[in-house]
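The block underneath contains the structure these notes are about, expressed in structure tokens.
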Amino acid sequence: MPSVQIVILAKSVKHGEHCVAGKCISTRRWYRPVSNLAGAELNHNQVMYRNIHGTYSVRPLQKIQMSFLQHAPLIHQPDNYLIDGIMWQQKYKINLDELD
């Protein structure tokens, strides 16, 4: 699958695992990165991104370039996409007034 640039709109932590979701800037499609085909949450290392200053954990309103192995929908989570393990890249952030 080609990489996509996503605006992170949600990030939560439960039992030490992370749930991240956002919308693609060009298609406005929702993406929820998952660690396996069963829709498992992401671990701490899987929610890290890199920019020119270092490596950090994603936060809402950041633009993040990420790529996936495949679409992995579940009945209750049709927006799941299986991550490919390549570290995400920050494309900076979006301001609240830029959101539709």
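A short reminder: the numbers here are calculations on the coordinates, not readings from a lab. Owing to the predicted nature of the structure, the values given are computational and were not obtained by experimental measurement. Note that we place each Cβ from the backbone using ideal geometry, even for glycine, and neighbour counts take in every protein chain shown.
Sort largest first and round to whole Å: the equivalent ellipsoid semi-axes of the chain, each the square root of five times a Cα gyration tensor eigenvalue. Each step should come with its number before you reach the end.
Values: eigenvalues 73, 51, 35 Å².
Whole-Å semi-axes of the equivalent ellipsoid: 19, 16, 13.
Using Cα pairs closer than 8 Å and at least 6 residues apart in sequence, work out the relative contact order for the chain, in percent.
For the chain, the relative contact order is 30 percent.
For the chain, build the charge dipole from Cβ charges (+1 Lys, Arg; -1 Asp, Glu) around the Cα centre, then report which of Leu69, Tyr56, Asn45 sits farthest towards its positive end.
Tyr56
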